[in-house]
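This report refers to the structure that appears directly beneath it.
The values are calculated or read from the model by the stated rules, or taken from the named source; none is laboratory data. These numbers come from a predicted model, not from an experiment. A quick note on method: Cβ atoms are made from the backbone with ideal geometry, for glycine too, and the neighbour counts reach across all protein chains shown.
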Amino acid sequence: MANHPTLKTLRLKLRPLTVADADVLFPVFSNPETMWFFGEVHRSIDETRGLFEAFIQGEYAANSRQWTICLKAGQVIGSLSIHGVEDAIAQMGFILHADYQGYGYATEAVRSAVDYAFTDWGLHRLFLNIDPNNIPSQRIAQKLGFTLEGHLRQSFYLRGIYLDELVYGLLVSEWTPSAKEPTTDKRSSFELI
Ligand SMILES: CC(C)(COP(=O)(O)OP(=O)(O)OC[C@H]1O[C@@H](n2cnc3c(N)ncnc32)[C@H](O)[C@@H]1OP(=O)(O)O)[C@@H](O)C(=O)NCCC(=O)NCCS
């Protein structure tokens, strides 16, 4: 699924992820704080390259689409994925460089990917599995109209322990004009400062 489009928002450009992006995204995937709710910390760039290869040309390529999240000026700040697509149902994941968190960029990126998934790609349902302690991700899900559907107990094995996950789901029929509409983010922004 390599031929998906670049998505543009007010402040961001989401372009299809490439294996070469591993070089610039390794600092994100190797940061223990950023990875706390996301997955095992990467120990080498080769690990990040291997993950991206699996998504772009390997075992996950047939049922996933990934984007590199960039500021309009070109600075790479994170990545976003819609993966595990089966029967038009898919999971989303996203991660931002620590320096770029807290500016509303993730909400902006996820909103545009949801809109693409439902409006252009034709997906039926998107879901997010979120650690109950991951407040920013829950806020993003809530702001975009996802419904809290369940609490999975000890369903995610990470750092040697079993963690709970909240399941947030959104159906194409619920993707309303108000959820689609970006509100002006009052926080400062790397594009504006
Ligand atoms: C999740 C993540 C992408 C959010 O990025 P972000 O750009 O900071 O998100 P936004 O700026 O769009 O803000 C999201 C919301 O979380 C809130 N938030 C951010 N940090 C917070 C904190 N420490 N405590 C409480 N709320 C917080 C923001 O205020 C905002 O809510 P609001 O609009 O009601 O004010 C980022 O924190 C990250 O990369 N985390 C690590 C990876 C991860 O957890 N991925 C998701 C797995 S499901």
Some residue of segment 110-126 being under 10 Å from the mean Cα position of the chain (by Cα), of a type outside the set (S, T, N, Q), near the ligand (Cβ under 7 Å from one of its atoms) and buried (at least 20 other Cβ atoms within 10 Å of the Cβ): no
Unmet requirement for L80, which otherwise passes all of (1) touching a residue at least 40 places away in the same chain (Cβ under 8 Å); (2) within 8 Å of the ligand (Cβ to nearest atom); (3) of a type outside the set (V, I, T); (4) buried (at least 20 other Cβ atoms within 10 Å of the Cβ): (2)
Lone qualifier among I69, I82, I77, I95 - being in contact with a Cys (Cβ under 8 Å, 6 or more places away or on another chain), at pLDDT 95 or above and in a strand (DSSP E or B): I77
Residue in segment 108-121 that is farther than 19 Å from H4 by Cα and not small (G, A, S) present: no
Matching entry among E165, E86 (being of a type in the set (D, E) and within 22 Å of E40 (Cβ to Cβ)): E165
Boolean, R139 is over 20 Å from H83 (Cα atoms) and more than 13 Å from the ligand (Cβ to nearest atom): no
Every residue from segment 29-66 that is surrounded by fewer than 16 Cβ atoms within 10 Å (Cβ to Cβ), assigned to a loop (DSSP other than H, G, I, E, B) and within 16 Å of the chain's Cα centre (by Cα): W36, G39
Matching entry among P132, P182 (being within 15 Å of the ligand (Cβ to nearest atom), out of contact with any Ser or Thr (no Cβ under 8 Å at 6 or more places or on another chain) and of a type outside the set (A, V, I, L, M, F, W, C)): P132
Filtered residues of segment 142-168 (kept if assigned to a strand (DSSP E or B) and near the ligand (Cβ under 10 Å from one of its atoms)): E165, L166, Y168
